[in-house]
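Worksheet: the structure to be examined is printed underneath.
The values are calculated or read from the model by the stated rules, or taken from the named source; none is laboratory data. Please read all numbers here as calculations on a predicted model, not as lab measurements. For neighbour counting, all protein chains shown are included, and Cβ atoms are generated from backbone atoms with ideal geometry for every residue, glycine included.
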Amino acid sequence: MKQKILIVEDEFIVANDLRIMLEKAGYKVCGIAPSVVKALELIASKEPSWILLDIFLQGDKTGIDLAAQLTGMGIPFIYISANTNQGILEAAKATLPYGFLVKPFREKDLMVMLDIARYRHEQNIKYNQNADSSIHIQIEHILENEGTKSAKLQEFSKLLHPLIPFDFLWISRTVPHTTTKDITLLKESNESFRLISNDELLKETGASARDFKTWNIARIPTNGKSIFNGYDFRRLRMESRWIQHLSDGYKLESALVAEIAKGEETFQIVFFSRLSDVFSKVHTGIINQFCKAFELLIDKALYAPKQDTTNKTAETTALASPPVQKKISPVPVNDFHGIIGNSPLLHNALKKIETVAPDDTSVLILGESGTGKERIAHTIHKLSPRKNKSFITVNCAALPLTLIESELFGHEKGAFTGANEKRMGKFEQADGGSIFLDEIGELPLEAQVKLLRVLQEKEIERLGGNGTKKVDVRIITATNRNLEKEVAEGRFRLDLYYRLNVFPIELPALRHRKEDIPLLTLHFLEKYGKKSSAKVTSISPAALATLQTFNWPGNIRELEHLIERTMLLTDGDVITEIAYPDTNPAAALADDSGSKVKTMEEMERDHILHVLKLCKGKIFGAGGAAEMLNIPSTTLNSKIKKLGIKFEFVK
Ligand SMILES: Nc1ncnc2c1ncn2[C@@H]1O[C@H](COP(=O)(O)OP(=O)(O)OP(=O)(O)O)[C@@H](O)[C@H]1O
């Protein structure tokens, strides 16, 4: 069946050009809307399968406003805009489009983007269905098992938590004329949730019993909204004394509300988070997707006619060891093929990896330096049918400009001065396996054209050669740059961006998943305990706690090096003090919002360190840091000494 596309664009000529291009390619254009109001009318009457969306439109609403509604309706969309202002790009990106095409564009760009957007949409549906059915199966297990209401609720929370990051849960039931608060649950760790009794609630929030009785504590006044971030959450606090007290008591910063109607009863499930701005349309989508699961939980566990035999006191105390059987989770709790961590953000990424690994799909891994991009790329390879073939890594930033093409695609003898031998490129070495192109954002434009050709034609041409050779390589790329910005500024080809960004996986920065720091620390203690002669076997709780206050600009790599260094400097077998490097720890301790201005010397030091890391510590010769920085190696050496850069920081 032809895909129906609605064009939302206020410039008639552009819209008409788009219509002609789309119809020529076999799509059916079901309408052109110059404003959000008209678009909503056409959506209702024509039910388009896709929307091409301009940002600035007639009327006071923008395409970004409409996008939020489209996500709610489950209609995929792609932006088409001439606007490359960074703020607008960020706002547009937050609405999770399937693509962004910058005007003016070529017909070919549009078609490539639509193909990829459709592919990504199908993958998303597949991913959601997999997750959905796996969670449903696990929920059925929970409900079939013997166990108290609290144990079932605890298991349910553990399952849901990676998808909806909540710290506090509040469930109330409204039957005609009465609303009762029924369940309050607090997250103590990712593995443990505690039911809170009314007495505990009063004690922990400091509210008096009289206030508690007089305040309207049961239902959250939502006025039809479901996401309460930032301003909305502050307004909610102003409207309800009780929410104000609750959020002060438990340090809550945002809320997500789900309402489930069953006959005459309505259940309000409120997820609170300690992070601000954490909830989005993605979470309301998840709630819609798991509506049935919530109903099951309500019917079969929370409000089942046959109540638990356990007495009330037991019900409201800590839920340390639920008698229900442990579930086999698709992602092992602490160690997923050598990837350590248990935070919801990491779990989401790991689930994506499981989904995409078996296919040949190109994967783009996004994340700051040291977040584990290379490790994840390797895991994708190991989980794929290509696992017994080569996994070749190329760091695009470390390759000197002149050698990039010959490194990637190989060269014939005599192709350039110094090419004394015929040489196989990385793509040929990876034939049958996977290639990991790290720092893809650094690839020069000429090499981008050639890479695009490999992706499109699945063939390479050696430098100086006059024939092509077919290669069968799965491409995994990574970057810590904002590629959309690179595209907008003309440094990265749009067609290549869409080819590579078929399945993006975003890796969280360590400071956004500090709950993983203890697990990672213990992992590195064990790793370096085995390797070195250090006697250290453990770390004191106080030392571990200081690691969680650190901001980790260098992410897991930085934590790993710090643990290794601290182990070497520790006398005895317990780390009680962390050997933080003496380089301006205040800068690293500052949090995101309070980042301080760096001095020129600090900037220079950071830059040299970054380049040295890219070159894996190599200073001299081809591919060395001096060449990349375009300064003599003797100058670089004296700067390294002057700035106090030690080799152990570079590893
Ligand atoms: N989840 C993890 N569990 C255990 N070790 C990890 C994890 N993630 C990363 N590491 C370790 O941290 C170090 C940095 O990881 P990696 O090189 O994969 O990061 P990267 O994002 O590719 O960095 P860059 O962008 O600088 O290339 C490696 O030693 C890796 O083994």
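A few comments on the model shown:
- Within the range 38-55, being among the aliphatic types (A, V, I, L, M), in contact (Cβ under 8 Å) with a residue 12 or more places away in the chain and over 18 Å from HIS121 (Cβ atoms) holds for ALA39, LEU40, LEU42, ILE55.
- Any hit, the range 340-362, residues being within 16 Å of the ligand (Cβ to nearest atom), modelled with pLDDT under 80 and within 30 Å of the chain's Cα centre (by Cα): yes
- Those residues of the range 521-547 which are away from the ligand (no atom under 16 Å from the Cβ) and within 29 Å of HIS607 (Cβ to Cβ), in sequence order: THR546
- Within the range 10-32, the set of residues being farther than 24 Å from ASP115 by Cβ and either of a type in the set (Lys, Arg) or outside any helix (DSSP H, G or I) (or both) comprises ASP10, GLU11.
- Residue match in the range 518-527 (condition: assigned to a helix (DSSP H, G or I), without any contact (Cβ under 8 Å) to a residue 60 or more places away in the chain and basic (Lys, Arg)): yes
- For the range 549-581, filtered to residues that are outside any helix (DSSP H, G or I) and within 16 Å of the ligand (Cβ to nearest atom), the residue that is surrounded by the fewest Cβ atoms within 10 Å (Cβ to Cβ) is PRO553.
- For the range 33-49, the set of residues classified as surrounded by fewer than 20 Cβ atoms within 10 Å (Cβ to Cβ) and in a loop (DSSP other than H, G, I, E, B) consists of PRO34, GLU47, SER49, listed by residue number.
- First in the range 56-71 and of a type in the set (Val, Ile, Thr), second anywhere and at pLDDT 90 or above, Cβ under 9 Å, 6 or more apart: THR62/VAL36; THR62/ASP54; THR62/ILE55; THR62/PHE56; ILE64/LEU53; ILE64/ILE55; ILE64/TYR79; THR71/PHE77
- The set of residues from the range 598-622 being within 16 Å of the ligand (Cβ to nearest atom) and of a type in the set (Asp, Glu) comprises just one member, ASP606.
- Odd one out for ILE476, checked against (1) closer than 24 Å to ARG106 by Cβ; (2) touching a Phe, Trp or Tyr at 6+ places or on another chain (Cβ under 8 Å): (1)
- Once the range 74-107 is narrowed to residues that are modelled with pLDDT under 80 and in a helix (DSSP H, G or I), the residue that is surrounded by the most Cβ atoms within 10 Å (Cβ to Cβ) is LEU89.
- The residues in the range 366-386 that are near the ligand (Cβ under 6 Å from one of its atoms) and under 10 Å from ILE476 (Cβ atoms) can be counted, and the count is 2.
- Note on the range 259-279: residues that are touching a Leu at 6+ places or on another chain (Cβ under 8 Å) and under 21 Å from LYS514 (Cα atoms) total 5.
- Of residues in the range 479-510 being in a helix (DSSP H, G or I) and charged (D, E, K, R), the one nearest to the ligand (Cβ to nearest atom): GLU486
- Of everything listed in (1) crowded, with 16+ Cβ neighbours inside 10 Å; (2) in contact with an Asp or Glu (Cβ under 8 Å, 6 or more places away or on another chain); (3) without any contact (Cβ under 8 Å) to a residue 40 or more places away in the chain, the single unmet condition for THR468 is (1).
- Every condition in (1) under 24 Å from ARG565 (Cα atoms); (2) away from the ligand (no atom under 16 Å from the Cβ) is met by ARG513 except one, and the failing one is (2).
- Selection count, the range 458-478, where residues are at pLDDT 85 or above and in a strand (DSSP E or B): 9
- Among (1) in the same structural domain as PHE409 (by TED's automatic domain parsing); (2) loosely packed, with under 15 Cβ neighbours inside 10 Å; (3) farther than 27 Å from TYR79 by Cα; (4) of a type outside the set (Gly, Ala, Ser), the one test that GLN456 misses: (3)
- Scanning the range 410-422 turns up no residue that is crowded, with 16+ Cβ neighbours inside 10 Å and basic (Lys, Arg).
- LEU437 passes every criterion in (1) buried (at least 20 other Cβ atoms within 10 Å of the Cβ); (2) assigned to a helix (DSSP H, G or I) apart from (2).
- Which listed residue is in contact with a helix residue (DSSP H, G or I) (Cβ under 9 Å, 6 or more places away or on another chain), part of a loop (DSSP other than H, G, I, E, B), in the same structural domain as LEU169 (by TED's automatic domain parsing) and crowded, with 20+ Cβ neighbours inside 10 Å, from ILE243, ILE217: ILE217
- Here TYR79 meets each of (1) more than 26 Å from VAL487 (Cβ to Cβ); (2) in contact (Cβ under 8 Å) with a residue 24 or more places away in the chain with one exception, condition (1).
- Restricting ILE171, ILE164 to residues that are modelled with pLDDT of 80 or more and within 20 Å of the chain's Cα centre (by Cα) narrows the list to ILE164.
- Test: residue in the range 375-391 that is at pLDDT below 90 and of a type in the set (Val, Ile, Thr): no
Matching residues to (1) modelled with pLDDT of 75 or more; (2) in contact with a strand residue (DSSP E or B) (Cβ under 6 Å, 6 or more places away or on another chain):
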{"residue": "TYR231", "(1), (2)": "yes, no"}
{"residue": "ARG234", "(1), (2)": "yes, no"}
{"residue": "GLU239", "(1), (2)": "yes, no"}
{"residue": "GLU253", "(1), (2)": "yes, no"}
{"residue": "LEU256", "(1), (2)": "yes, yes"}
{"residue": "GLU259", "(1), (2)": "yes, yes"}
{"residue": "PHE272", "(1), (2)": "yes, yes"}
{"residue": "VAL282", "(1), (2)": "no, no"}
{"residue": "LYS292", "(1), (2)": "yes, no"}
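- Applying the criterion of being in contact with a Gly (Cβ under 8 Å, 6 or more places away or on another chain) and part of a loop (DSSP other than H, G, I, E, B) to the residues of the range 397-412, the residue that is farthest from the ligand (Cβ to nearest atom) is GLU412.
- Residue in the range 415-436 that is at pLDDT 85 or above, among the small types (Gly, Ala, Ser) and within 13 Å of the ligand (Cβ to nearest atom) present: no
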